[in-house]
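The values are calculated or read from the model by the stated rules, or taken from the named source; none is laboratory data. Here the structure is a predicted model, which means the values were calculated and not measured. Ideal geometry is used to build each Cβ from the backbone, glycine not excepted, and the neighbour counts take in all protein chains shown. Quick note on the areas: whole protein, heavy atoms, side chains included, nothing else; ligands and nucleic acids left out. Shrake-Rupley method; radii C 1.70, N 1.55, O 1.52, S 1.80 Å.
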Amino acid sequence: MKTQLSTLWYQLLVRNLKVKICFALLQMGLLYQYCQTVTFSKQINIFNTFPANSPYFIFQNLNWFLYYLVPLVTTIPVFKEFLLKQNVFVWIRKSDDQLPLLAVGLMGIMNAVLYNLYFWGFIWLFESDSASLSFISELALATTLSLFASTILVLLLNMLLRGIVGELLTIVLFLTILALKINWLILITTPGNFLTLSAWLSLWIIGLGGLLGLVYRQVELL
């Protein structure tokens, strides 16, 4: 388990490093601009999504989109490759067939926590005079769970639908939720009771984690 975690952690750090740096700089610049022009609160924040009724739809929601896009685009390929490589030995090592899933789960949790510490720490740095720490903490808990749940969902879709189909379906799903402002308890698109949302997200994570386990054990490599 320790070796698998070390391998996975190294891949998460070094894979597409230049892309990660570019995404991080873009996101930091957009967050800085947002925090300078908007008072961050429960009623007004980057998760107040705009409906698709103008040509500036994507730009208006770019902070929301990048919140999910940056960690997913840099981690899902690593997670998927790790699971598929490990799956060759599933039927040989029955007693250890859950170790890769546990490794991905631990790294997924760590990724969500570390990313949200960076994300909300950056916002708190520029919004400490207006946004309460209790609100930031409440929303940070919900978004951490949301990011972990969406990571499992996207990984599940990519394991079921290999190749470009899984990626395209993921993009269509995200854009549909964003355009219609539908909160499917996976992606946070509207303000609300974030503590209640966190409880529902915990149940989603359990369910999606179980489905991912079934898919991992049943997938057949060509």
Practice task
Name the single residue, out of those in the range 171-187 being more than 21 Å from PHE40 (Cα to Cα) and touching a residue at least 40 places away in the same chain (Cβ under 8 Å), that is most open to solvent (accessible area, probe 1.4 Å).
Solution key: LEU180
Practice task
State whether the residues of the range 188-197 include one that is open to solvent by 20 Å² or more (accessible area, probe 1.4 Å), part of a helix (DSSP H, G or I), closer than 19 Å to PRO77 by Cβ and among the aliphatic types (A, V, I, L, M).
Solution key: no
Exercise for the section: Return the pairs, sorted by first residue and then second, in which the second residue is polar (S, T, N, Q) and open to solvent by 30 Å² or more (accessible area, probe 1.4 Å), the first residue lies in the range 39-56 and is over 17 Å from LEU187 (Cα atoms), the beta carbons are less than 6 Å apart, and the residues are 6+ apart or on different chains. Expected result: THR39/SER130
Completion exercise
Residue hits (the range 134-170; modelled with pLDDT under 80, part of a helix (DSSP H, G or I) and either over 23 Å from THR74 (Cβ atoms) or open to solvent by 10 Å² or more (accessible area, probe 1.4 Å) (or both)) are ILE164, VAL165, GLU167
Problem - Residue within the range 114-136 that is over 24 Å from LYS42 (Cβ atoms) and either of a type in the set (A, V, I, L, M) or under 18 Å from the mean Cα position of the chain (by Cα) (or both) present - result: yes
Exercise for the section: Could you check the range 1-88 for helices (runs of 4 or more DSSP H) lying wholly inside it with 3 or more residues that are open to solvent by less than 40 Å² (accessible area, probe 1.4 Å) and at pLDDT 80 or above? Expected result: 17-37, 62-87
